[in-house]
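The values are calculated or read from the model by the stated rules, or taken from the named source; none is laboratory data. What you are looking at is a predicted structure, and each value in this text was computed from that prediction instead of being measured. Here the Cβ is made from the backbone with ideal geometry for all residues, glycine too, and neighbour counts use every protein chain on show.
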Amino acid sequence: MENNHEIDVDRLKLLNYIEECDRHIVKIKHAISKMKNFMPLTLDDYRSLSEDDKEHIDQFIFRYSKLQDAMGEKLFPTILKNLKENFENKPFRDLIDRLEKLEIIESANDWDELRKSRNSLSHEYSSEENELVININIVYEKLIPKIFSIYDKIIFYIESNIVK
């Protein structure tokens, strides 16, 4: 027989990770509200931004990265653990493929796109201003709505199938 304490701990972890993701989303939305007056960016716009505006972009990029980390490293494995799926010591791609097969996420490839954009932002942030501006615009206009949509679908799944 299963240990009810273990089930409660797994469910509590899941709820804590949801709260963590929610905090990142609140911060992303706040940064977006501060950025809306200068988005989308051009290279000239970026170069003429105030330090406060650049701080909002920093917050936006940081929280976008932290949300991906929280979802990929914490929330996704904990969802599968709550479903009694064993994904310890397996590649991350296997985990997101399983989430797709269970229809928790629509596309594992969407998650790959989010991770690639995040990696591009972190690598280009210190040097290539033109590439940085392009990637900020892509994340702002396309990928934030995508990650929010993925998260909403995950929350709906959790509420319908795990935390009833």
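Values computed for the structure shown
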item: Meets criteria (surrounded by 15 or more Cβ atoms within 10 Å (Cβ to Cβ), over 30 Å from residue 10 (Cβ atoms), of a type outside the set (A, V, I, L, M) and in contact (Cβ under 8 Å) with a residue 60 or more places away in the chain) for residue 64; result: no
item: Members of the range 19-42 found to be exposed (fewer than 14 other Cβ atoms within 10 Å of the Cβ), touching a residue at least 60 places away in the same chain (Cβ under 8 Å) and part of a helix (DSSP H, G or I), listed by number; result: none
item: Which listed residue, of 58, 8, 45, is at pLDDT below 95, within 15 Å of residue 135 (Cα to Cα) and surrounded by fewer than 17 Cβ atoms within 10 Å (Cβ to Cβ); result: 58
item: Test for residue 136: is it of a type outside the set (S, T, N, Q), within 22 Å of residue 27 (Cβ to Cβ) and either surrounded by 13 or more Cβ atoms within 10 Å (Cβ to Cβ) or at pLDDT 90 or above (or both); result: yes
item: Complete set of residues in the range 78-120 that are assigned to a helix (DSSP H, G or I), surrounded by 13 or more Cβ atoms within 10 Å (Cβ to Cβ) and over 14 Å from the mean Cα position of the chain (by Cα); result: 78, 79, 80, 81, 82, 92, 95, 97, 98, 99, 100, 120
item: Unique residue being closer than 26 Å to residue 37 by Cβ and surrounded by 13 or more Cβ atoms within 10 Å (Cβ to Cβ) when the list is 150, 144, 158; result: 144
item: Every residue from the range 139-164 that is among the aliphatic types (A, V, I, L, M), at pLDDT 95 or above and either farther than 17 Å from residue 59 by Cα or in a loop (DSSP other than H, G, I, E, B) (or both); result: 150, 154, 155, 158
item: Qualifying residue in the range 99-122 (condition: of a type in the set (A, V, I, L, M) and at pLDDT below 90); result: yes
